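Working notes for the structure below.
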Amino acid sequence: MPYDITLIPGDGTGPEITEATRRVLEATGVEFHWYLHQAGLSVLDQYQTVLPEAVIQSIRETKVGLKGPITTPVGKGFRSANVALRKSLDLYANLRPAKTFAGLRSRYEHVDLIIVRENTEDLYAGIEFQRGSPEMDELVDFIGRTNGQKLSKDAAISIKYISVAASRRIVKFAFDYARANHRRKVTAVHKANIMKFSDGLFLHVAQEVAKEYSDIQFEDRIVDNMCMQLVQKPEQYDVVVLPNLYGDILSDLSAGLIGGLGVAPGANIGDKYAVFEPVHGSAPKYAGLNKVNPMAMMFSGVLMLRHLGEREAANRLEGALAAVIAEGKYVTYDLKPRPDDPSAVGTSQVADAIIARMGTMK
Ligand code: NAD
């Protein structure tokens, strides 16, 4: 029986890397029935939204999505389609592995991090008050009355919302992942020394959940210190669990540790549905040029295969990716010593090389 998967190519360079990824996934021998849905800027005029309801409905039916990046126009009043998708399907865990492979141009060896980012609340909950709005004025008055702080109305406010329920389920997710994948340690990251109530709550919940997992080590780090530690000795960390904003920033930092966004995969996972996508965005300046690296989305495909229980196919695709990276010949500009290296190949040639390599591994 083929797996039903909702396929969302996205926009910018999304369609090219999605096609390359679809080809390598099919070359594993696993069968898929793709339900193709468009989202992003290309459908905005037609549906007046970058995330049509049909996309969400399809994932409700297939349970699994594979998604290219979607552009979010800055400052035009659009909510991000990515944030909306995660919220509407309650994809509360954002899993972003960062692992070094031989051949990647990285300052580090032996990095093998799993970043677990809370995906639904914190400053990304979309609770914002615009400068000059009546709600903003009312909020400033309310804060003055209750908190004693006289704030200027010539300002804007975004709310950092952190709940016990969401903190508990993301920390539990991190520990369950650690246990299922034979990981030794979970590190919770926060700024509870300054944000005593919101980050303090996250830390307290993490400490409570840790008591339920005596087989896994637990520690916590303050986020600024954690940034320094990751840059100095990333090999000391294993599974790292964070609220939404810190998770977003530290996952890009971790991608930088292992050789860049071109190889950084991601998964958005909830209790019912899962959507797999690269960490990087739509890189619109390269759209249509057959230039960018499809490997981040292919590694996201590896995560999808594991989620589907197709462990052998996942290992084979990951092995082929590792071999092509190590050989360094059929790789895109970002994995070459210099970005203008004339021997860099295009997006589709990377897929050809990986398919050829998998053929020799059967
Ligand atoms: P970006 O990740 O698209 O690109 C930043 C730079 O990283 C690119 O200019 C390029 O040099 C490099 N890069 C990214 N992907 C690459 C790849 N596959 N191969 C080689 N090099 C690559 O980040 P941005 O420019 O900040 O964002 C562009 C748009 O994407 C924005 O609208 C943003 O909102 C959106 N975005 C979407 C998602 C998503 O869909 N999940 C994630 C992040 C950003």
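Near residue 142, once Lys and Arg are set to +1 and Asp and Glu to -1 for all other residues with Cβ below 15 Å from its Cβ, the sum equals -1. Ligands, DNA and RNA excluded, the heavy atoms of residue 72 present near 50 Å² of accessible surface to a 1.4 Å solvent probe.
Going by accessible surface with a 1.4 Å probe and the largest first, 276, 142 read 142, 276. Among the trypsin sites (Lys or Arg not before Pro) in segment 305-347, those located in a DSSP loop and surrounded by at most 15 other Cβ atoms within 10 Å of their own Cβ are 329. Starting from segment 1-65, pick out the GluC sites (Glu not before Pro) whose DSSP state is loop and whose Cβ has at most 12 other Cβ atoms within 10 Å. Passing sites in segment 1-65 are 31. So which residue, out of 141, 252, 352, gets the largest mean-square fluctuation from a GNM of the chain using Cα contacts under 10 Å as springs? Of 141, 252, 352, the most mobile in the Gaussian network model is 141. Using a probe of 1.4 Å, the accessible surface attributed to residue 158 totals some 50 Å² when neighbouring protein chains are kept in position. The fraction of accessible area contributed by carbon and sulfur in segment 294-352 is 50 percent, rounded to a whole number (1.4 Å probe; ligands and nucleic acids excluded).
So what is the relative contact order for the chain, in percent, with contacts set as C-alpha pairs under 8 Å and at least six apart? Once normalised by length, the contact order is 23 percent. Picking from 70, 216, 59, which is most flexible by a Gaussian network model of the chain using Cα springs under 10 Å? The residue with the greatest mean-square fluctuation here is 216. Applying both filters, DSSP loop and at most 13 other Cβ atoms within 10 Å, to the GluC sites (Glu not before Pro) of segment 209-260 gives 212.
For the chain, a Gaussian network of Cα nodes joined below 10 Å ranks 134, 337, 73 by mean-square fluctuation, and the top entry is 134. Residue 226 sits among other residues whose Cβ lies under 11 Å from its own Cβ, and their net charge, with Lys and Arg +1 and Asp and Glu -1, is -1.
Per residue, the chain exposes 46 Å² of accessible surface when a 1.4 Å probe is rolled over the protein heavy atoms with every protein chain present.
The values are calculated or read from the model by the stated rules, or taken from the named source; none is laboratory data. Note that the structure is predicted; figures quoted are calculated from it, not measured. Counting neighbours? That spans all protein chains shown, and the Cβs are built from the backbone with ideal geometry, glycine included. Note: accessible area is taken over every heavy atom of the protein model, side chains too, but ligands, DNA and RNA are not part of it. Shrake-Rupley method; radii C 1.70, N 1.55, O 1.52, S 1.80 Å.
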